[in-house]
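Trainee: Just passing along the structure, written as C-alpha coordinates.
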Amino acid sequence: MIRIVALTEAGRRLALQLQSNLTDDCEVWFKPKPFTERLQQAFVAGDSLLLICAIGIAVRTLAPVLQHKNIDPPVLVLDEAGQFVIPLLSGHEGGANEWASQISQLISAQLVLTTANPYLAPVYSIGMGCERHCPVEKLERLLLDCLTKANLTLDHISHINSIDIKSDEVGLIELAKKIDKPFYTWSKQQLRQVEDQLSTKSDYVYSVVGVYGVAESAALFDAQNITQQKAELVLNKHKSAVATCAIARSYPNLTVKETQ
(Lines give C-alpha, C1' and ligand atoms only; values in the text may rest on other atoms or scores of the structure.)
Protein backbone atom coordinates (compact mmCIF):
# COMPACT_ATOMS: atom_id res chain seq x y z
CA MET A 1 0.00 0.00 0.00
CA ILE A 2 1.21 3.51 -0.87
CA ARG A 3 0.19 6.32 1.50
CA ILE A 4 0.51 9.87 0.16
CA VAL A 5 0.36 12.33 3.05
CA ALA A 6 -0.26 16.06 2.58
CA LEU A 7 -0.54 18.83 5.15
CA THR A 8 -1.45 21.84 2.97
CA GLU A 9 -3.93 22.56 0.19
CA ALA A 10 -1.12 22.79 -2.35
CA GLY A 11 0.22 19.50 -1.08
CA ARG A 12 -3.21 17.92 -1.35
CA ARG A 13 -3.48 18.93 -5.01
CA LEU A 14 -0.08 17.39 -5.69
CA ALA A 15 -1.09 14.26 -3.78
CA LEU A 16 -4.22 13.82 -5.90
CA GLN A 17 -2.18 14.33 -9.07
CA LEU A 18 0.23 11.62 -7.98
CA GLN A 19 -2.57 9.28 -6.95
CA SER A 20 -4.14 9.52 -10.41
CA ASN A 21 -0.87 8.37 -11.98
CA LEU A 22 0.05 5.63 -9.54
CA THR A 23 -1.39 2.18 -8.86
CA ASP A 24 -4.88 1.58 -7.56
CA ASP A 25 -3.31 0.48 -4.27
CA CYS A 26 -2.69 4.10 -3.29
CA GLU A 27 -4.41 6.32 -0.73
CA VAL A 28 -4.19 10.05 -0.02
CA TRP A 29 -4.22 11.23 3.59
CA PHE A 30 -4.87 14.94 4.02
CA LYS A 31 -4.01 16.24 7.50
CA PRO A 32 -4.50 12.79 9.09
CA LYS A 33 -5.30 12.78 12.81
CA PRO A 34 -3.73 11.80 15.08
CA PHE A 35 -0.86 12.55 12.70
CA THR A 36 2.07 10.90 14.46
CA GLU A 37 0.18 7.76 15.44
CA ARG A 38 -1.28 7.12 11.98
CA LEU A 39 2.03 7.61 10.15
CA GLN A 40 3.90 5.42 12.60
CA GLN A 41 1.27 2.68 12.28
CA ALA A 42 1.46 2.81 8.48
CA PHE A 43 5.26 2.66 8.58
CA VAL A 44 5.32 -0.30 10.97
CA ALA A 45 2.75 -2.07 8.76
CA GLY A 46 5.20 -1.79 5.84
CA ASP A 47 3.34 0.83 3.79
CA SER A 48 5.38 2.90 1.34
CA LEU A 49 5.12 6.55 2.38
CA LEU A 50 5.21 9.61 0.16
CA LEU A 51 5.21 12.62 2.50
CA ILE A 52 4.52 16.09 1.12
CA CYS A 53 5.94 18.04 4.04
CA ALA A 54 9.13 19.33 5.60
CA ILE A 55 11.93 16.82 6.11
CA GLY A 56 12.08 17.74 9.79
CA ILE A 57 8.47 16.70 10.30
CA ALA A 58 9.10 13.37 8.58
CA VAL A 59 12.25 12.64 10.60
CA ARG A 60 10.75 13.51 13.99
CA THR A 61 7.61 11.52 13.26
CA LEU A 62 9.24 8.31 12.05
CA ALA A 63 12.43 8.24 14.14
CA PRO A 64 10.84 6.31 17.06
CA VAL A 65 9.72 3.43 14.82
CA LEU A 66 12.81 2.97 12.64
CA GLN A 67 14.14 -0.59 12.74
CA HIS A 68 16.71 -1.49 10.06
CA LYS A 69 17.37 -0.45 6.48
CA ASN A 70 16.78 -4.02 5.30
CA ILE A 71 13.21 -4.11 6.58
CA ASP A 72 12.00 -0.50 6.83
CA PRO A 73 9.64 0.51 3.99
CA PRO A 74 10.65 3.25 1.53
CA VAL A 75 9.87 6.85 2.47
CA LEU A 76 9.98 9.81 0.08
CA VAL A 77 9.65 13.50 0.94
CA LEU A 78 8.34 16.08 -1.54
CA ASP A 79 7.87 19.82 -1.26
CA GLU A 80 4.32 21.04 -1.82
CA ALA A 81 5.27 22.66 -5.14
CA GLY A 82 6.48 19.34 -6.48
CA GLN A 83 9.93 20.68 -7.34
CA PHE A 84 12.04 18.19 -5.39
CA VAL A 85 11.79 14.48 -4.57
CA ILE A 86 14.01 13.12 -1.78
CA PRO A 87 14.31 9.43 -0.83
CA LEU A 88 14.53 9.72 2.94
CA LEU A 89 14.63 6.09 4.11
CA SER A 90 15.55 2.70 2.62
CA GLY A 91 17.16 4.20 -0.46
CA HIS A 92 18.97 1.13 -1.73
CA GLU A 93 17.52 -1.78 0.23
CA GLY A 94 13.89 -0.66 0.18
CA GLY A 95 13.93 0.73 -3.35
CA ALA A 96 13.28 4.35 -2.34
CA ASN A 97 15.94 5.67 -4.72
CA GLU A 98 14.41 3.95 -7.72
CA TRP A 99 10.90 4.90 -6.64
CA ALA A 100 11.96 8.53 -6.20
CA SER A 101 13.41 8.47 -9.71
CA GLN A 102 10.08 7.28 -11.09
CA ILE A 103 8.15 9.94 -9.16
CA SER A 104 10.51 12.70 -10.27
CA GLN A 105 10.00 11.74 -13.91
CA LEU A 106 6.25 11.54 -13.40
CA ILE A 107 5.94 15.14 -12.17
CA SER A 108 9.09 16.61 -13.79
CA ALA A 109 10.72 17.24 -10.41
CA GLN A 110 14.37 17.36 -9.38
CA LEU A 111 15.57 14.09 -7.85
CA VAL A 112 17.78 14.66 -4.79
CA LEU A 113 19.87 11.62 -3.90
CA THR A 114 22.29 11.55 -0.98
CA THR A 115 23.25 7.86 -0.93
CA ALA A 116 26.30 6.22 -2.48
CA ASN A 117 26.43 5.72 -6.26
CA PRO A 118 23.35 7.86 -6.98
CA TYR A 119 24.71 8.90 -10.39
CA LEU A 120 24.96 5.35 -11.75
CA ALA A 121 22.14 3.46 -13.41
CA PRO A 122 21.78 0.15 -11.55
CA VAL A 123 21.49 -3.24 -13.19
CA TYR A 124 18.60 -5.39 -11.95
CA SER A 125 18.47 -9.17 -12.32
CA ILE A 126 15.73 -11.66 -11.55
CA GLY A 127 16.43 -15.07 -10.02
CA MET A 128 13.78 -17.79 -10.08
CA GLY A 129 13.39 -21.36 -8.95
CA CYS A 130 10.38 -23.58 -9.43
CA GLU A 131 8.92 -27.05 -9.32
CA ARG A 132 9.38 -29.13 -12.43
CA HIS A 133 6.79 -28.35 -15.12
CA CYS A 134 5.62 -25.20 -13.35
CA PRO A 135 3.10 -23.35 -15.57
CA VAL A 136 4.32 -20.12 -17.11
CA GLU A 137 1.21 -18.31 -15.83
CA LYS A 138 2.16 -18.99 -12.21
CA LEU A 139 5.74 -17.92 -12.80
CA GLU A 140 4.63 -14.69 -14.44
CA ARG A 141 2.20 -13.93 -11.61
CA LEU A 142 4.96 -14.33 -9.02
CA LEU A 143 7.42 -12.24 -11.05
CA LEU A 144 5.01 -9.34 -11.51
CA ASP A 145 4.07 -9.43 -7.84
CA CYS A 146 7.74 -9.23 -6.85
CA LEU A 147 8.39 -6.34 -9.24
CA THR A 148 5.49 -4.46 -7.67
CA LYS A 149 6.86 -5.07 -4.18
CA ALA A 150 10.23 -3.67 -5.29
CA ASN A 151 8.66 -0.67 -7.10
CA LEU A 152 10.14 -1.87 -10.39
CA THR A 153 8.82 -2.69 -13.85
CA LEU A 154 9.86 -5.16 -16.53
CA ASP A 155 11.77 -2.35 -18.24
CA HIS A 156 14.24 -2.29 -15.34
CA ILE A 157 15.11 -5.97 -15.62
CA SER A 158 18.11 -7.30 -17.52
CA HIS A 159 17.78 -11.10 -17.33
CA ILE A 160 15.83 -14.02 -15.89
CA ASN A 161 18.17 -16.47 -14.15
CA SER A 162 18.16 -19.87 -12.51
CA ILE A 163 20.41 -22.85 -11.78
CA ASP A 164 21.67 -24.94 -14.70
CA ILE A 165 19.48 -27.95 -13.91
CA LYS A 166 16.61 -25.65 -14.92
CA SER A 167 18.05 -24.88 -18.35
CA ASP A 168 15.30 -26.97 -19.96
CA GLU A 169 12.47 -25.77 -17.71
CA VAL A 170 9.73 -24.95 -20.21
CA GLY A 171 7.88 -22.49 -17.96
CA LEU A 172 10.97 -20.37 -17.33
CA ILE A 173 11.93 -20.45 -21.00
CA GLU A 174 8.42 -19.39 -22.04
CA LEU A 175 8.35 -16.66 -19.39
CA ALA A 176 11.61 -15.16 -20.66
CA LYS A 177 10.28 -15.18 -24.23
CA LYS A 178 6.98 -13.65 -23.17
CA ILE A 179 8.59 -10.68 -21.43
CA ASP A 180 11.41 -10.48 -24.01
CA LYS A 181 14.29 -11.00 -21.59
CA PRO A 182 17.27 -13.38 -21.90
CA PHE A 183 17.14 -16.53 -19.78
CA TYR A 184 20.46 -17.61 -18.27
CA THR A 185 21.35 -20.51 -15.99
CA TRP A 186 24.40 -20.90 -13.79
CA SER A 187 26.25 -23.84 -12.27
CA LYS A 188 26.17 -24.56 -8.56
CA GLN A 189 29.88 -23.70 -8.41
CA GLN A 190 29.13 -20.24 -9.77
CA LEU A 191 26.15 -19.69 -7.50
CA ARG A 192 28.14 -20.70 -4.43
CA GLN A 193 30.30 -17.61 -4.98
CA VAL A 194 27.50 -15.41 -3.59
CA GLU A 195 26.15 -17.67 -0.84
CA ASP A 196 27.45 -15.35 1.89
CA GLN A 197 24.99 -12.71 0.62
CA LEU A 198 21.83 -14.82 0.89
CA SER A 199 19.12 -13.62 3.26
CA THR A 200 18.39 -17.20 4.33
CA LYS A 201 19.98 -20.58 3.68
CA SER A 202 18.01 -23.76 3.14
CA ASP A 203 19.74 -27.02 4.00
CA TYR A 204 16.98 -28.85 2.14
CA VAL A 205 17.59 -26.93 -1.08
CA TYR A 206 21.31 -27.54 -0.68
CA SER A 207 20.75 -31.28 -0.35
CA VAL A 208 18.73 -31.28 -3.57
CA VAL A 209 20.61 -28.92 -5.90
CA GLY A 210 23.90 -28.11 -4.18
CA VAL A 211 23.25 -24.45 -3.29
CA TYR A 212 21.49 -22.90 -0.30
CA GLY A 213 19.04 -20.92 -2.42
CA VAL A 214 18.39 -20.80 -6.15
CA ALA A 215 16.46 -17.56 -6.66
CA GLU A 216 18.67 -15.26 -4.59
CA SER A 217 21.91 -16.89 -5.74
CA ALA A 218 20.98 -16.66 -9.43
CA ALA A 219 19.88 -13.02 -9.17
CA LEU A 220 23.00 -11.98 -7.25
CA PHE A 221 25.43 -13.83 -9.48
CA ASP A 222 23.97 -12.47 -12.71
CA ALA A 223 23.92 -8.85 -11.50
CA GLN A 224 27.50 -9.24 -10.30
CA ASN A 225 28.50 -10.87 -13.57
CA ILE A 226 27.13 -7.99 -15.62
CA THR A 227 28.86 -5.17 -13.76
CA GLN A 228 31.83 -7.04 -12.28
CA GLN A 229 30.89 -5.33 -9.01
CA LYS A 230 29.36 -6.80 -5.86
CA ALA A 231 25.57 -7.15 -6.04
CA GLU A 232 22.92 -6.70 -3.35
CA LEU A 233 19.43 -8.04 -2.88
CA VAL A 234 16.69 -5.54 -3.63
CA LEU A 235 13.98 -8.08 -2.83
CA ASN A 236 14.67 -11.16 -0.75
CA LYS A 237 13.28 -14.50 -1.89
CA HIS A 238 9.50 -14.54 -2.20
CA LYS A 239 7.66 -17.84 -2.51
CA SER A 240 4.47 -19.01 -4.09
CA ALA A 241 3.17 -22.57 -3.81
CA VAL A 242 5.29 -23.65 -6.79
CA ALA A 243 8.09 -21.12 -7.32
CA THR A 244 10.53 -18.65 -5.79
CA CYS A 245 11.70 -15.25 -7.01
CA ALA A 246 14.31 -12.71 -5.90
CA ILE A 247 15.67 -9.47 -7.32
CA ALA A 248 19.29 -8.28 -7.11
CA ARG A 249 20.99 -5.08 -8.14
CA SER A 250 24.53 -4.01 -8.91
CA TYR A 251 26.08 -0.70 -9.92
CA PRO A 252 28.69 -0.49 -12.67
CA ASN A 253 32.08 0.80 -11.68
CA LEU A 254 32.77 4.46 -12.38
CA THR A 255 36.32 5.60 -13.03
CA VAL A 256 36.84 9.32 -12.58
CA LYS A 257 39.81 10.79 -14.39
CA GLU A 258 41.48 13.96 -13.19
CA THR A 259 41.46 16.84 -15.63
CA GLN A 260 44.48 19.05 -16.05
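Trainee: Which of the residues spanning the range 150-175 are of a type outside the set (G, A, S) and surrounded by fewer than 17 Cβ atoms within 10 Å (Cβ to Cβ)? Spell out the reasoning first.
Mentor: Residues of the range 150-175 of a type outside the set (G, A, S): 151-157, 159-161, 163-166, 168-170, 172-175.
Once the filter is applied, which keeps residues that are of a type outside the set (G, A, S) and surrounded by fewer than 17 Cβ atoms within 10 Å (Cβ to Cβ), the range 150-175 yields T153, L154, D155, D164, I165, D168, V170, I173, E174.
Trainee: Sticking with this one: Take the residues in the range 4-26 that are crowded, with 16+ Cβ neighbours inside 10 Å and in contact with a Lys or Arg (Cβ under 9 Å, 6 or more places away or on another chain); name whichever of them is nearest to L50 (Cα to Cα).
Mentor: V5
Trainee: Can you name the condition, by its number, that L50 falls short on among (1) in a loop (DSSP other than H, G, I, E, B); (2) surrounded by 20 or more Cβ atoms within 10 Å (Cβ to Cβ); (3) within 22 Å of the chain's Cα centre (by Cα)?
Mentor: If we test L50 against (1) in a loop (DSSP other than H, G, I, E, B); (2) surrounded by 20 or more Cβ atoms within 10 Å (Cβ to Cβ); (3) within 22 Å of the chain's Cα centre (by Cα), just (1) comes out false.
Trainee: Let me ask something else. Considering every residue within the range 83-104, establish whether at least one is under 23 Å from E232 (Cα atoms), among the hydroxyl-bearing types (S, T, Y) and open to solvent by less than 40 Å² (accessible area, probe 1.4 Å).
Mentor: Among the residues of the range 83-104, at least one is under 23 Å from E232 (Cα atoms), among the hydroxyl-bearing types (S, T, Y) and open to solvent by less than 40 Å² (accessible area, probe 1.4 Å), which makes the answer yes.
Rundown of residues vs (1) at pLDDT 95 or above; (2) polar (S, T, N, Q); (3) out of contact with any Phe, Trp or Tyr (no Cβ under 9 Å at 6 or more places or on another chain), yes/no style:
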site	(1), (2), (3)
A121	no, no, no
S125	yes, yes, no
L142	yes, no, yes
T148	no, yes, yes
T153	no, yes, yes
S162	yes, yes, no
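Trainee: Filter the range 78-108 down to residues that are part of a loop (DSSP other than H, G, I, E, B) and modelled with pLDDT under 85 and give me whichever is nearest to I52 (Cα to Cα).
Mentor: Initial filter on the range 78-108 (part of a loop (DSSP other than H, G, I, E, B)): 79-83, 90-95, 108.
Right, trim to modelled with pLDDT under 85 and you get 90-95, 108.
Details: S90: 17, G91: 17, H92: 21, E93: 22, G94: 19, G95: 19, S108: 16 Å.
Going through the qualifying residues, I end up with S108.
The values are calculated or read from the model by the stated rules, or taken from the named source; none is laboratory data. Please read all numbers here as calculations on a predicted model, not as lab measurements. All Cβ positions, even for glycine, are placed from backbone atoms using ideal geometry, and neighbour counts span all protein chains on display. Just so you know, the surface numbers come from the protein's heavy atoms only, side chains and all, with ligands and any DNA or RNA stripped out. Shrake-Rupley method; radii C 1.70, N 1.55, O 1.52, S 1.80 Å.
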